[in-house]
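Just below is one structure, and these are the notes that go with it.
The values are calculated or read from the model by the stated rules, or taken from the named source; none is laboratory data. Everything numeric in this text was worked out from a predicted model, so none of it was measured. FYI the Cβ positions are ideal-geometry reconstructions off the backbone, even for glycines, and counts take in every protein chain you see.
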Amino acid sequence: MIADSGLVPVTVEGWSKPAWADPAALATPPRGRHRTTLLSPFDSLIWERARTERIFGFTHRLEAYVPKPKRVYGYFAMPVLAGGRLVGRVDPARAGHTLVARQVTLAAGRRSRRWPGPWWRRRAGWDCTDVRVERVDAPELREPLVLELARALA
């Protein structure tokens, strides 16, 4: 069946099993590979928890039904995809014309001063004129994050 599919064998970093790809997909230059974006907790990239943990080393659970005192990342935390890696989570909200990052959490070892801005640009369509960041797990990133978010809304 594989021989008739037209797929070619490929090596996947960190994966020991056979893998296959469409040659046309391999010939196409990557698009948006380094774009940073928020993923819905229902995005197909993360809804299969075991696969997400195996491929990305990233565990994500929707905490909307978890009692507030027991939540770790926030009510509707959204994974942040940057450079092909899941690098953290943001629990976004809106209060009037204010964009709110209720909680920003970066995955261990993946802290960067450059990741926060682009994901918020898509939120600029919410007609917000102000930004409020409530909690950041890395205090040294709070100020750069606020500045980047304000720039994204400008």
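Only one entry of LEU141, LEU106 meets the criterion of being under 17 Å from LEU39 (Cα atoms), buried (at least 19 other Cβ atoms within 10 Å of the Cβ), modelled with pLDDT of 75 or more and of a type in the set (A, V, I, L, M, F, W, C), and that entry is LEU106. If you go through segment 11-41 and keep only what is among the β-branched types (Val, Ile, Thr) and either modelled with pLDDT of 85 or more or at positive phi (or both), you end up with just THR11. If I filter segment 126-136 for residues that are surrounded by 15 or more Cβ atoms within 10 Å (Cβ to Cβ), at pLDDT below 80 and not in a strand (DSSP E or B), do I get at least one hit? Within segment 126-136, one or more residues are surrounded by 15 or more Cβ atoms within 10 Å (Cβ to Cβ), at pLDDT below 80 and not in a strand (DSSP E or B).
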